Amino acid sequence: MSFLVESLLERLDEETGISLANTEVKATYANGGIEIYLWNQLLLLIDEVEENALEDDSFAEEVWDIILDEFYDVREKLVELKLASLNADHLPALSTSLMALLEAQKLDSKLLNMLDILFEDISSADKDFGLPKVGVRFTDFEGVKVIVPIDISKKPYNFDPAKIAIEFDKRFKSKV
C-alpha cells in the first residue's frame with residue numbers, strides 16, 4: 001500500500017467518519033498521472049505527476065488539498081461514489097433476483113415492467129458523518145415509491161433478495 005493511500009485512508013476517516021479498508025482505495029500511476037479510486041469509482045485524476053509521487057508525503061498533502069478544493073462536501077462525494085459502486089457492482093444481480101421473486105408473488109406484470117430498482121441514500125439529509133443508511137428504492141416514477149432499508153455497514157454485504165422482496169410486498173400493500 002502506498003503512502004498516498006495510507007494518508008487518504010486516515011484523512012477520509014477523520015473528515016467524513018467513513019472508514020475505508022485499504023482494498024477500497026486505489027491510487028495508480030498511469031499515462032503520466034495519478035488516478036485515485038474509491039470502491040472502483042474514480043475520485044480524482046491528477047495529470048503530469050512523477051510515478052514516485054505515490055510515496056511522497058508532500059504530494060499526499062497536495063492531493064488532500066486538491067480533494068478539499070474540488071469537493072465542497074467530501075462526505076457527500078464519498079456517499080455518491082459508494083452508491084455508484086453498489087449500483088454498479090451489486091444491483092444487476094440483486095434486481096434480477098428481486099424481479100423473479102416479485103413475479104412469483106403474482107405482482108401486477110404491468111407494474112413489474114415499469115419498476116425501477118436502485119440503491120439510495122435514505123439518511124444524509126439528517127446525517128453528516130459516517131456512512132449513510134441505504135435502502136433499495138422501488139419506483140414506477142408515477143405513484144409507487146417504496147424504500148426497503150438495508151445494512152451496508154457489514155462486509156461482505158448480505159443483500160437477501162427474499163427478505164427485501166417480502167419487505168417490499170408489505171410496504172407496497174400498505175400504500176395501496
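Here are the numbers for the structure shown:
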| item | result |
| --- | --- |
| Residue selected from the stretch 1-17 under the condition outside any helix (DSSP H, G or I) and touching a strand residue (DSSP E or B) at 6+ places or on another chain (Cβ under 9 Å), by the criterion surrounded by the fewest Cβ atoms within 10 Å (Cβ to Cβ) | Met1 |
| Hits in the stretch 28-78 - residues which are among the aromatic types (Phe, Trp, Tyr), assigned to a loop (DSSP other than H, G, I, E, B) and in contact (Cβ under 8 Å) with a residue 12 or more places away in the chain | Trp39 |
| Among residues of the stretch 152-176, those that are within 19 Å of the chain's Cα centre (by Cα) and either of a type in the set (Ser, Thr, Tyr) or surrounded by 11 or more Cβ atoms within 10 Å (Cβ to Cβ) (or both), counted | 7 |
| Count of the stretch 107-124 residues which are closer than 24 Å to Glu15 by Cβ and either among the small types (Gly, Ala, Ser) or free of Cβ contacts under 8 Å to residues at least 12 places away in the same chain (or both) | 2 |
| Of residues in the stretch 62-72 being at pLDDT 95 or above and surrounded by fewer than 17 Cβ atoms within 10 Å (Cβ to Cβ), the one nearest to the chain's Cα centre (by Cα) | Phe71 |
| Glu55 being at pLDDT below 95 and over 30 Å from Asp140 (Cα atoms) | yes |
| Single residue of Ala104, Ala84 found to be over 16 Å from Leu9 (Cα atoms) and surrounded by 14 or more Cβ atoms within 10 Å (Cβ to Cβ) | Ala84 |
| Subset of the stretch 125-148 [under 26 Å from Glu14 (Cα atoms) and exposed (fewer than 15 other Cβ atoms within 10 Å of the Cβ)] | Ala125, Asp126, Asp128, Phe129 |
| Close pairs (6 angstrom Cβ cut-off, 6 or more residues apart or separate chains): under 15 Å from Phe71 (Cβ atoms) in the stretch 12-27, at pLDDT 95 or above and surrounded by 14 or more Cβ atoms within 10 Å (Cβ to Cβ) anywhere | Glu15/Val74; Thr16/Val74; Thr16/Arg75; Thr16/Leu78; Ile18/Leu78 |
| Qualifying positions in the stretch 139-163 - farther than 26 Å from Ser19 by Cα and in contact (Cβ under 8 Å) with a residue 40 or more places away in the chain | Pro161, Ala162 |
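The values are calculated or read from the model by the stated rules, or taken from the named source; none is laboratory data. The model shown is predicted, which means the values in this text are computed figures rather than measured ones. As a convention, Cβ positions derive from the backbone with ideal geometry for all residues, glycine included, and neighbour counts pool all protein chains shown.
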